[in-house]
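All remarks here apply to the structure that follows.
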Amino acid sequence: MTAHAAARRRITAAFADAGVTGQLHAVDIDTGTALGVGSDTLVPTASVHKLCLVTTLYRQSSLGLVDPTRPVDIPAGNRAPGATGLSAMRDAARLSLRDLASLAVAVSDNTAADLLWDALGLDTVNATMTGLGLTRTHAVQTMRELLATVREDAAGEPTALTDPAVVARLRALDPTRTNRSTPREITALLTAVWRDEACPGEYGEELRALLGLQAWSHRLAAGFPFDDVRVSGKTGSLPTLRHEAGVVEYPDGGRYAVAVFTRAASTDVTLPAADAVIGGAARIAVDALRA
């Protein structure tokens with residue numbers, strides 16, 4: 001058995017032990033060597049799609065089509081649901097497009113993301129992904145629209161989201177009816193960002209720095225608990241879904257894009273093993289690539 005085949009078996013077993021089904025793709029950004037489990041499976045991206053959104057902002061900025069410092073007035077009401085950032089704040093504000101991007105990544109702020117969706121447009125984000133060769137990466141709704149389908153499908157009762165029958169019918173979990181991609185395409189996007197192919201020069205540098213701001217360390221970063229290893233990424237969460245995609249950078253110059261998408265059998269909100277397996281599976285994949 002090859003080392004990569006053994007790694008794929010270990011990843012599959014880790015997903016099963018954590019009570020999830022999962023898909024993963026990992027690639028060495030500099031050599032192109034890759035390893036995957038279900039890499040071409042179409043998945044609902046949830047907030048991982050914010051990677052596509054902020055990449056579009058910086059690509060459009062590098063082309064002179066958008067000024068990332070343009071200020072946006074943010075009224076106090078009518079904000080997308082969410083527990084972080086502007087979604088959790090009560091007063092009017094004024095922020096630049098790039099500061100909205102920082103909030104959308106750092107704390108997965110749904111309101112900040114929707115202001116970017118409004119400024120750029122779904123069609124522009126989709127056209128940008130197509131232009132990068134990501135033909136299966138597609139957005140059909142903003143965060144407020146996505147979360148509205150969850151409320152509608154749960155008949156307005158949050159407690160219904162612990163009912164497996166209700167969760168099974170959520171449109172937000174159906175990749176044919178919501179924002180979607182594949183693990184392979186998400187790592188291709190990250191590879192393009194880290195290679196300066198998505199947006200060059202200072203725009204690429206700022207985008208990579210922005211993606212390093214994420215506050216959450218309980219998923220992908222948990223697999224790489226070293227002071228000298230840098231993990232930049234974006235999580236995504238919906239009922240039973242726990243995702244993260246990002247780039248792991250080693251002090252010897254090794255750079256690895258990893259995307260992990262999971263769905264839990266349990267509808268429990270708190271499942272530490274399901275969060276931890278994202279980092280664990282990513283570590284197995286990166287170790288195999290480094291070997």
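Values as computed for the structure displayed
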item: Residue count for the stretch 99-118, restricted to those that are in a helix (DSSP H, G or I), in contact with a strand residue (DSSP E or B) (Cβ under 7 Å, 6 or more places away or on another chain) and touching a residue at least 40 places away in the same chain (Cβ under 8 Å); result: 2
item: Residue among V150, V166 that alone is without any contact (Cβ under 8 Å) to a residue 40 or more places away in the chain and either within 14 Å of the chain's Cα centre (by Cα) or part of a helix (DSSP H, G or I) (or both); result: V166
item: Identity of the residue in the stretch 68-83, within 18 Å of V54 (Cα to Cα) and open to solvent by less than 60 Å² (accessible area, probe 1.4 Å), that ends up nearest to the chain's Cα centre (by Cα); result: A80
item: Tally of residues being under 15 Å from D123 (Cα atoms), open to solvent by 10 Å² or more (accessible area, probe 1.4 Å) and in contact with a helix residue (DSSP H, G or I) (Cβ under 6 Å, 6 or more places away or on another chain) across the stretch 46-64; result: 1
item: Qualifying residue in the stretch 10-32 (condition: surrounded by 13 or more Cβ atoms within 10 Å (Cβ to Cβ), among the small types (G, A, S) and under 19 Å from V247 (Cα atoms)); result: yes
item: In the stretch 235-291, the residues that are within 22 Å of R184 (Cβ to Cβ), open to solvent by 50 Å² or more (accessible area, probe 1.4 Å) and of a type outside the set (A, V, I, L, M); result: S237, R255, R263, R283, D287, R290
item: Only one of L120, L134, L115 that is surrounded by 23 or more Cβ atoms within 10 Å (Cβ to Cβ), at negative phi and in contact with a helix residue (DSSP H, G or I) (Cβ under 6 Å, 6 or more places away or on another chain); result: L115
item: Top-ranked residue of the stretch 179-232 - restricted to ones that are touching a residue at least 40 places away in the same chain (Cβ under 8 Å) and among the charged types (D, E, K, R), ranked as surrounded by the most Cβ atoms within 10 Å (Cβ to Cβ); result: R219
item: Top-ranked residue of the stretch 137-158 - restricted to ones that are over 19 Å from P183 (Cβ atoms) and small (G, A, S), ranked as least open to solvent (accessible area, probe 1.4 Å); result: A154
item: Residues of the stretch 84-106 classified as modelled with pLDDT of 95 or more, open to solvent by 10 Å² or more (accessible area, probe 1.4 Å) and within 15 Å of M143 (Cβ to Cβ), total; result: 1
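The values are calculated or read from the model by the stated rules, or taken from the named source; none is laboratory data. Computed from a predicted structure; not experimentally measured. Because the Cβ atoms are built from the backbone with ideal geometry, glycine has one as well, and the counts that use them run over all protein chains shown. Areas reflect the complete protein model, heavy atoms only, side chains present, ligands, DNA and RNA absent. Shrake-Rupley method; radii C 1.70, N 1.55, O 1.52, S 1.80 Å.
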